[in-house]
Amino acid sequence: MTNNSTRRRFVISTGALGAAAIAGCVGDDEVQRAIGAATPQSGPLEPDGTAGIRGMEVAIEELTEELDEPIELQATDGEAAPDRAVSVARNMYDNNIPVITGTFSSDVSNVLSDLAEDEEVPFITSISVDPEIINEDDEYTFRMTGDTTQKLKGMAEFLEEEGVSGIAVIAADYSMGESSIEFFEERAEEYGMELVHSAEVPMETDNFVPEIGDLDTDEIDALFYPFPGGTAPTLISQTREQGLFDEVDIVIGHDSYGTETFYESLGDDLQDMYFWGVDLENEQAQQANERMQEMFDVRMDPLSLPYYDTIHLIAEVMGEQGSVDPQDIRNGLADIEYETASGWDVRFDQNGNNTEFQMIVGQWQEDDDGELAPNVEYTSHVVSTE
């Protein structure tokens, strides 16, 4: 990925972005001062999409106060369905929105990456982890977080540090679930452990007892659940009912398991649950958390905060470039070095992957007031994509 792409150009309306004047270009259309988000607002990933939209809206609220001419967020329901998300994104392109984000599902992010490369308009995913989203010849696709390999390596290092020797993986039948099982099939021994059991079940499953009821916990130290969606809280409830929290040392899920949605659904059943997390203790995250509670009466969490970071990152690029031209945004993203509120830095390699990602593992624990709250238990070194 180079920083001097000169593909399709748009006429841009003159205005102020902070102190920077917006540059104009040759063309027939007018680019909107907007960020598009094809975020699930219905279907099995609606809770995750809701968390993401909240994070983006907090960032937009802050930018509205900071900028002379604010940036608009245009969030449309992508339903976590590839065909629907493509239709949403095409409509955004037709309306001259210069950059798109907001996806959760890797299946959706894969097709939007292909579309972004075809349309030559930048797409940045905050959460999606499938390595195949980004290819060597991509110029318009960027990833804020780590990919599956980075996150699973970081988690495996945490489990190794905790002395885990046997792991079971109960995964949903989608790209991250498949990749998680494959990772531990191929690489568990690198981290001193054995994949004792794995199962891939439909995302709409609401009875997990057949999969978890007969696990041989004498051989298992950790359970890993790469299982998103509306029925994932049921998985945790049934794990608790089956006594597995008492029989294994670690039960860990991905980002969703640290969200306010899960807390609202499960309450004390989340006690001791580990999850892929963010650092909510730094000053920027605390300020964002305060604004989130003012606006929505919920805390920032591992899904909402990366979306918040993405909006601020895009706004910073627009300001540095003095432009909302999609090519200028793309070039600015290729060169950006950014410190997130989530707890890791962002610098994209030539393909658009984040080379500065650090894995954070959180755990639900009682705070000083006796209420469950997410706490950072582990932060990895910078994790490579290999």
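The values are calculated or read from the model by the stated rules, or taken from the named source; none is laboratory data. Note that the structure is a prediction, hence the values are computed from the model and not measured. Here Cβ is always computed from backbone atoms with ideal geometry, including for glycine, and neighbour counts include all displayed protein chains.
Does E160 satisfy the condition of being closer than 29 Å to V108 by Cβ and surrounded by fewer than 18 Cβ atoms within 10 Å (Cβ to Cβ)?
No: the conditions fail for E160.
What strands (runs of 3 or more DSSP E), lying completely within the range 28-137, carry at least 2 residues that are touching a residue at least 40 places away in the same chain (Cβ under 8 Å)? First the steps, then the outcome.
Numbers: elements: 34-39, 72-77, 123-125.
Because the criterion is at least 2 residues that are touching a residue at least 40 places away in the same chain (Cβ under 8 Å), the strands (runs of 3 or more DSSP E) in the range 28-137 that meet it are 34-39, 72-77.
From the residues in the range 313-338 that are surrounded by fewer than 21 Cβ atoms within 10 Å (Cβ to Cβ) and under 22 Å from the mean Cα position of the chain (by Cα), which one is farthest from S256 (Cα to Cα)?
Per the criteria, the residue is D335.
For the range 266-304, which residues satisfy the criterion of being surrounded by 18 or more Cβ atoms within 10 Å (Cβ to Cβ) and of a type in the set (G, A, S)?
G277, A285, A288, S304
Taking the condition of being within 18 Å of the chain's Cα centre (by Cα) and under 17 Å from R299 (Cα atoms), how many residues in the range 61-94 meet it?
Total satisfying the criteria: 0.
Could you please let me know if M359 is at pLDDT 95 or above, in contact with a strand residue (DSSP E or B) (Cβ under 6 Å, 6 or more places away or on another chain) and closer than 13 Å to M144 by Cα?
For M359, the condition - at pLDDT 95 or above, in contact with a strand residue (DSSP E or B) (Cβ under 6 Å, 6 or more places away or on another chain) and closer than 13 Å to M144 by Cα - is met.
So that you can scan it fast, the table gives a plain yes or no per residue for (1) modelled with pLDDT of 95 or more; (2) not aliphatic (A, V, I, L, M):
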{"site": "V164", "(1), (2)": "yes, no"}
{"site": "V169", "(1), (2)": "yes, no"}
{"site": "A172", "(1), (2)": "no, no"}
{"site": "S179", "(1), (2)": "no, yes"}
{"site": "F184", "(1), (2)": "yes, yes"}
{"site": "V196", "(1), (2)": "yes, no"}
{"site": "E204", "(1), (2)": "no, yes"}
{"site": "G213", "(1), (2)": "no, yes"}
{"site": "L223", "(1), (2)": "yes, no"}
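Can you work out which of the residues in the range 335-386 that are aliphatic (A, V, I, L, M) and outside any loop (DSSP other than H, G, I, E, B) is nearest to E316 (Cα to Cα)?
Looking at the filtered set, the residue picked out is V346.
I'm trying to understand the selection: among the residues of the range 84-104, which are closer than 21 Å to E132 by Cβ and touching a helix residue (DSSP H, G or I) at 6+ places or on another chain (Cβ under 8 Å)?
A85, V86, A89, I100, T101, G102, T103, F104 - these are the residues of the range 84-104 that are closer than 21 Å to E132 by Cβ and touching a helix residue (DSSP H, G or I) at 6+ places or on another chain (Cβ under 8 Å).
Could you tell me how many of the residues in the range 364-386 are closer than 17 Å to L152 by Cα and either among the charged types (D, E, K, R) or buried (at least 18 other Cβ atoms within 10 Å of the Cβ) (or both)?
Of the residues in the range 364-386, 6 are closer than 17 Å to L152 by Cα and either among the charged types (D, E, K, R) or buried (at least 18 other Cβ atoms within 10 Å of the Cβ) (or both).
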